[in-house]
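Below is one structure, written out as structure tokens, with a few remarks after it.
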Amino acid sequence: ERMGMMDGLLEQLRVYKEKNGKVVQFTYASSSEIYDTVENEHANANLETIRARTREDLDLSIPNTNTGTAKLLDEILARTYHRLHGIYSVGLRFFQIYGPWSSPGTPVFELAERAISSKQSRIPTSASIEDGDLFRSVRDYVYVDDAVDAIVAAMQFRPPDHISETQKAESGSLVVNVGTGHGSTTADIVQIMETHFPRHHENDRISSIRYEQQDIKSRQNQDQHETFVVASMERAQALLGFEPQVSLIDGIIKTLAWHHDRAFPFGKDIFSTGANSNTDARIGKSFYMKDGIDSCSPFDSECLNGAAIFPCASECARKTNCLPSIYDNIALVSRALTESCNAVMYTIDLDPHLRSIASAAANLSPEDEPAFDGITCNIAFAREDSDLVMRLKQRNGLASNVNLEDRLVHMVKHGDVVAKARKMADSSVLVEEMNLLSFGFWTILPVTVPDDLDSYYYEMTKMLPKISPGSFFSSRYAVYCDPNVWFKDSKVLVERFQAGYAMRQESSTAIMLGSRDDAHPKDDKLYCTPDAYYQERMYNTIRIALQDRLDGGGHMDSSWIMHSVHSADARELRCDIHGELINWNVPEDNLSIAFILSLHDFWSSAIAQWKGESLWWKYKGGGEDGDSLFAVLSRKERQIARIVLGSEVGAVFIDE
């Protein structure tokens, strides 16, 4: 099959060359597995002798692996097409590539995963590594950035003019080693990893061994090694001008930093807890602060390796590397105002021409209780310079040029009004002494939007509190609703949220949102951008690839969302959603929410099946009262996402 793919590609290049009359050259990946390994009976051979056995101009025997055989056939085909049809090619014989985005199951990947997660006294190795020859065998490990440099160099290669015709003919179908010319064992890699992620020894002492590259190269006690494969680099240097730049130590550090950032994408520090936290932080944090996400510019996508940089006001932000937003100051105020609240209702309307909030101006019956108890437990974020805020300032006796946001922030930071309200257990003190604005049942918090703020970044961050309530509220629960949504009885929301789904074991709700079945008509293409289009196409492709095992989630509607604010699992779920919004550069959240909930449910189902457990949340086709339930990946208690009909919790959509 692999040979067929190579043959098909070469045939297409031949047709193209004959049709267009152009010289065709392509670069393809071969492998170091085409070489025979040096067995331990050659242990007395020096490094130069070992390298000589991987010279590209030597005749090859039949490889010992299927991959090596397939790659050798690829090279034979490339030479044949050059001789018969003049197709130029460069085959790169890659040695052991490692680094970010490498394949799970490869030795360095698995060791790095264990290094950042295992608390054992030594980094555990899999049986395939420990019992086979990999642990003691010498291999040539090349960092992924160096491998990419070799590919770029190969794509630019042309036979030099000063060489003979015979040499030109040979270079028309060239093969080149891509390695470092230095050998290392898996044991070397483990020791480097344990240096930077120290293990917890019984005597509470951290190993202080430091390995330099020269030490590793010279440490060839070869009677302990079983096999040797080290690249000869003369041809790569002479013809491609390629020399690796990343040492094994630096490469392993960068790899560990990537795995750490991948395991703790929202800034969780694995060294921040436990008895040895101070020692671990002193020794372990220095390298990934220098080589991980925290060392990257927020706008350097290559350095970030796919990681999202969050606004500083997000509960997902790494405080050492985040972006400012319009909410950086007012979040301090909203947290202070909601300290006494069990649940918070909030909305966002940053229209500069805002004159009213529809939910506050609705015609309510005497039985309706749309607001939560507590005068500061219902928050509306509005622009400082909006018509509504200007009018309310005038009503409260404030001059229009007073920046109320700055004033409130100053009172929270430097005044004692919050402490006084806390002591008296009376939130009305805050309203009176801070001269808070109110409109209907909403307490208005003004947000300053600078005139020179980038419009695109503004659109991306203006709804930040909606998906990141943990940075804005001190309450146990938080309910976001669009300005035109209100609830007949807010207590029903909390009761429905607290009703865990009991089948065989109790669970709690991480997030609850509405179903589109009875939602107010909403324009799904509000932000019709290329990014949003490709996001939807990619999600649909993933669903097709998973053969409809991923729920479509098309019935979800985020006009209102209820959050469990202090749950760590719920926070990580929200951060997954927020990360999707950032990585896709889209402000509309329905697609991202549906996809992430479906993905959590998919992996929860897979894990349950692997463990031989039942899909506890899927019994009877869903939850009580016909709710749609999605399992949320969690560390401790079972958690679900609940999709409910808005009519069942008293949601009312006002026709604007």
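The values are calculated or read from the model by the stated rules, or taken from the named source; none is laboratory data. Just so it is clear, the structure is predicted and the values come from calculations on it, not from any experiment. Glycine gets a Cβ as well: all are built from the backbone with ideal geometry, and neighbour counts include every protein chain shown. Remember, those area values only see protein heavy atoms, side chains included, never the ligands or the DNA or RNA. Shrake-Rupley method; radii C 1.70, N 1.55, O 1.52, S 1.80 Å.
Assorted remarks:
- The largest accessible area among Arg335, Arg395 belongs to the first residue in Arg395, Arg335, and the rest follow in falling order (1.4 Å probe, all chains).
- Model label points for Leu73 and Asn363, set 7 angstrom from Cα along the Cα-to-Cβ axis, are 7.9 nm apart.
- Surface listing: Ser490, Ser103 arranged by accessible area from highest to lowest gives Ser103, Ser490, probe 1.4 Å.
- Once all protein chains are placed together, Ser365 keeps about 50 Å² accessible to a 1.4 angstrom probe.
- Distance between the 7 Å Cα→Cβ label points at Asp406 and Lys491: 4.4 nm.
- With a Förster radius of 45 Å applied to the beta-carbon distance between Trp101 and Glu648, the computed FRET efficiency rounds to 0.50.
- Per-residue extension of 0.36 nm, minus the Cα-Cα distance of Ser117 and Asn583, leaves a gain of 165.2 nm for this segment.
- Estimated at 0.36 nm per residue, the fully extended path between Asp655 and Met155 surpasses their Cα-Cα distance by 174.0 nm.
- Using the Cβ-Cβ distance between Val449 and Asp59 with R0 set to 60 Å, the FRET efficiency works out to roughly 0.25.
- Förster radius 30 Å - calculated FRET efficiency between Met5 and Ala545 (Cβ-Cβ, nearest 0.05): 0.90
- Full extension of the chain between Asp373 and Ala52 gives 107.6 nm of extra length, using 0.36 nm per residue less the Cα-Cα distance.
- Chymotrypsin sites (Phe, Trp or Tyr not before Pro) restricted to DSSP loop in the range 527-605 with at most 16 other C-beta within 10 Å: Tyr527
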